[in-house]
Amino acid sequence: MLTQQLRELERDGIIIRTVYNQIPPKVEYSLSDYGKTLTKVLDFMCDWGGSHIEKRQQEGEAIIIAHKLSKA
C-alpha cells in the first residue's frame, strides 16, 4: 500500500525518488518544488489535527502523542 501511494505521488510530480546503486539498496524520497506548494495546506491540516486532539483530551479521552513533529 505504501509503495503504491509513493508511486502515485511520484507520478503526479509531488515527490522525487532517488535510487542509489549500492548494496544494500537505498532509496530516498524528497518533495519536488511542486510538492512544496502543498506546505501551507499540510501545515493547516497539522494545526487542525493538534486542535482536534486537544478537544478530545478535554472531553476526557486518553490520547498519548508518541512523536510530535516540529515546524522548521
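The values are calculated or read from the model by the stated rules, or taken from the named source; none is laboratory data. Predicted model, so just to flag it, every value in this text is computed and none were measured. Cβ atoms come from the backbone with ideal geometry, glycine included; neighbour counts cover every protein chain shown. Accessible surface is based on the protein model in full, side chains and every heavy atom, while ligands, DNA and RNA are left aside. Shrake-Rupley method; radii C 1.70, N 1.55, O 1.52, S 1.80 Å.
Dipole of the chain computed with +1 at Lys/Arg Cβ and -1 at Asp/Glu Cβ about the Cα centre; of ILE63, THR37, ILE16, farthest Cα towards the positive end is ILE16. Using θ = phi - 60° in the Karplus curve 6.51 cos²θ - 1.76 cosθ + 1.60, the 3J(HN,Hα) couplings for region 41-50 round to 5, 5, 4, 4, 5, 5, 4, 4, x, x Hz; x is entered for Gly and Pro.
Percent of accessible area on the chain owned by carbon and sulfur, 1.4 Å probe? On the chain, the fraction of accessible area on carbon and sulfur atoms equals 58 percent. If only the Cβ of Lys and Arg carry +1 and only the Cβ of Asp and Glu carry -1, the dipole of region 10-72 around its Cα centre is close to 160 debye.
Using a 1.4 angstrom probe, figure out how much accessible area the chain has per residue, in square angstrom, rounded to the nearest whole. Each step should come with its number before you reach the end.
Details: 6710 Å² over 72 residues.
Ligands and nucleic acids excluded, the result is 93 Å² per residue.
Which three numbers, in whole Å and largest first, are the semi-axes of the equivalent ellipsoid of the chain derived from its Cα gyration tensor as √(5λ)?
32, 16, 11
If the elastic network links every pair of Cα atoms under 10 Å, which of LYS40, LYS55, LYS26 fluctuates the most in the Gaussian network model of the chain? In the Gaussian network model the winner is LYS26.
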